[in-house]
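Asker: Pasting a structure below so you can have a look.
The values are calculated or read from the model by the stated rules, or taken from the named source; none is laboratory data. Keep in mind the model is a prediction, meaning the values are calculated, not measured. Every residue, glycine as well, gets a Cβ built from its backbone with ideal geometry; the counts of neighbours run over all protein chains shown. Each accessible area value is taken on the protein alone, full model and side chains, heavy atoms only, with ligands, DNA and RNA left out. Shrake-Rupley method; radii C 1.70, N 1.55, O 1.52, S 1.80 Å.
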Amino acid sequence: GQQVMQIPQYQHVQEGEDFTTYCNSSTTLSNIQWYKQRPGGHPVFLIQLVKSGEVKKQKRLTFQFGEAKKNSSLHITATQTTDVGTYFCAGPKSNYQLIWGAGTKLIIKP
Amino acid sequence: GAGVSQSPSNKVTEKGKDVELRCDPISGHTALYWYRQSLGQGLEFLIYFQGNSAPDKSGLPSDRFSAERTGGSVSTLTIQRTQQEDSAVYLCASSLAQGSRYEQYFGPGTRLTVT
């Protein structure tokens, strides 16, 4: 069946280092969404990508959608403590249901 | 405006008891989702409501789980004869309309602990 794989599961970084999470789908996606869940919180929508090869930026966050629309990435430059949390990608499973990646947990080393 | 609200925020129950979890979606949002999230895990789809259409119950893990949505607004997720493996955070989300392109707005969740 359709799968969305997200790697890595965890990433430990020093504050100020960069962070990247990758999302790979077994099928072509019409769009992909990214969400952030702070520790103890609930997922919050960050962005949606629709076009092949699309790149969008939000301050220190850069989101990319692959040319084949089967993969996506989120890159954070110069991480800050406020970036801590789990980042999820999600793509359409049906015309209303999303299939979610397992998430990448960003941990800032003390 | 108000976001998605859920109640209770925490629920501790004994194995074998029934529980009801409530979700109030954002006013005007026609689509409503229930998810389950076990500790440190991703989101497991449970059920989807869209307007007055029949719900998609394909994610419900067993017949002990049921949900309803009254008047196209408030939704209740009921778990009968709770088991310890039901312990998780139950998240409700709503979106403006049907369609995977609409962002989902999540409530704070109900943390269910079955002892």
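Asker: From the list A:Gly53, A:Gly85, exactly one residue is at positive phi and either open to solvent by 40 Å² or more (accessible area, probe 1.4 Å) or under 12 Å from the mean Cα position of the chain (by Cα) (or both). Which is it?
Answerer: That would be A:Gly85, the only listed residue that is at positive phi and either open to solvent by 40 Å² or more (accessible area, probe 1.4 Å) or under 12 Å from the mean Cα position of the chain (by Cα) (or both).
Asker: Can I ask one more? Without any contact (Cβ under 8 Å) to a residue 40 or more places away in the chain, part of a loop (DSSP other than H, G, I, E, B) and more than 28 Å from B:Gln50 (Cα to Cα): is that true of A:Gly1 in this structure?
Answerer: When the stated conditions are applied, A:Gly1 does not pass them.
Asker: What number of residues within segment B:29-47 satisfy the criterion of being part of a loop (DSSP other than H, G, I, E, B) and under 16 Å from B:Thr70 (Cβ atoms)?
Answerer: Here the count works out to 2.
Asker: Just wondering, is there one or more residues in segment B:85-94 that are assigned to a loop (DSSP other than H, G, I, E, B) and open to solvent by 50 Å² or more (accessible area, probe 1.4 Å)?
Answerer: No: segment B:85-94 contains no residue that is assigned to a loop (DSSP other than H, G, I, E, B) and open to solvent by 50 Å² or more (accessible area, probe 1.4 Å).
Results for (1) within 12 Å of another protein chain (Cβ to nearest Cβ); (2) not in a loop (DSSP other than H, G, I, E, B), shown as yes or no for each residue.
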position: A:Ser52; (1), (2): no, no
position: A:Lys57; (1), (2): no, yes
position: A:Phe63; (1), (2): no, yes
position: A:Glu67; (1), (2): no, no
position: A:Ser73; (1), (2): no, yes
position: A:Ala78; (1), (2): no, no
position: A:Ala90; (1), (2): yes, yes
position: A:Ser94; (1), (2): yes, no
position: A:Leu106; (1), (2): no, yes
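Asker: Among the candidates B:Asp56, B:Asp63, B:Asp18, which residue alone is touching a residue at least 12 places away in the same chain (Cβ under 8 Å), among the acidic types (Asp, Glu) and either facing chain A (nearest Cβ under 9 Å) or surrounded by fewer than 21 Cβ atoms within 10 Å (Cβ to Cβ) (or both)?
Answerer: After ruling out the rest, the residue left standing is B:Asp18.
Residues are listed down the side, and each one gets a yes or a no for (1) more than 30 Å from B:Ser53 (Cβ to Cβ); (2) hydroxyl-bearing (Ser, Thr, Tyr); (3) touching a residue at least 40 places away in the same chain (Cβ under 8 Å):
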site: A:Ser25; (1), (2), (3): no, yes, yes
site: A:Glu54; (1), (2), (3): yes, no, no
site: A:Phe65; (1), (2), (3): yes, no, no
site: A:Ala78; (1), (2), (3): yes, no, yes
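A quick yes/no check of all residues on (1) polar (S, T, N, Q); (2) surrounded by 14 or more Cβ atoms within 10 Å (Cβ to Cβ); (3) more than 10 Å from chain A (Cβ to nearest Cβ); (4) without any contact (Cβ under 8 Å) to a residue 60 or more places away in the chain:
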residue	(1), (2), (3), (4)
B:Pro25	no, yes, yes, no
B:Ala31	no, yes, no, no
B:Glu44	no, yes, no, yes
B:Glu68	no, no, yes, yes
B:Ser73	yes, yes, yes, yes
B:Thr82	yes, yes, yes, no
B:Glu103	no, yes, no, yes
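Asker: Still on this structure: Of the conditions (1) open to solvent by less than 30 Å² (accessible area, probe 1.4 Å); (2) closer than 28 Å to B:Val4 by Cα; (3) at pLDDT 95 or above, A:Pro92 fails just one. Which one is it?
Answerer: Of the numbered conditions (1) open to solvent by less than 30 Å² (accessible area, probe 1.4 Å); (2) closer than 28 Å to B:Val4 by Cα; (3) at pLDDT 95 or above, the odd one out for A:Pro92 is (3).
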